[in-house]
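This report refers to the structure that appears directly beneath it.
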Amino acid sequence: MNVLVNERLAAQSDRKKVFEERAGRICDDLQHQGYSVQPSCLPAEILVALQEQVRTLDASEFFRAGIGRNTQHHTNDFVRSDKVCWMTGETLTGKAWLDWAEALRVAINRRLFMGLFSFESHYAWYQAGAYYKRHYDAFRGQTNRVLSVVVYLNSDWAADDGGELVLYKDAQDRDGLRVTPLAGTLVVFLSEDFPHEVLPAKRDRFSIAGWYRVNASSSDTLDPPR
């Protein structure tokens, strides 16, 4: 029994060490360049569970992605043509993902003092030909989205399958950094600072998009809005 307990404790210690190393690299990148691209970052057991879950979702659980919130929300196929399914902690898989994202929030706040308060995320489904044209996730001073997160879920993605994320360093950049959507790769960047786009995919492409937010609640406004 003691051997099993010791092995379990050792495994937990190893997982914590790996997480702290990955979180440290992300924080260093954010501090020095405002973005981080980390291949094979998501723990394998969480990645596999997310892959299985997204494959078993019915198409009716996805809806056309839009732009803006509440009364400003509208769909615009010229800008984007992906579909989304918002994630919750109601399933074991959803809870595992949100718990991991929460641990990353705590680690970033501890190192960078960003005041990240909450997190929201959804599955993104890009069917063949789908895209999301160049845009910002947040406009300076107009939103409380601070940090954007993307995780890729396609294990067998080839270079010629398209669907790359292109991350531009500023409004004048026309070349950008291309990120191939390989399973387990994590991309984190400052929402207000980096315009970006998703190039058309040649086949079904699945990912998670998420945002860390600061708390903008007031006596008469609940944040985040629903």
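The values are calculated or read from the model by the stated rules, or taken from the named source; none is laboratory data. Since this is a predicted model, take the numbers as computed values, not measurements. Cβ coordinates were reconstructed from backbone atoms using ideal geometry, including for glycine residues, and neighbour counts include every protein chain displayed.
Below, the figures for the structure above:
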{"quantity": "Selected residue (criterion: modelled with the highest pLDDT) from residues of segment 63-96 that are of a type in the set (Gly, Ala, Ser) and part of a loop (DSSP other than H, G, I, E, B)", "calculated": "Ser81"}
{"quantity": "Some residue of segment 164-177 being closer than 21 Å to Leu50 by Cα and surrounded by 13 or more Cβ atoms within 10 Å (Cβ to Cβ)", "calculated": "yes"}
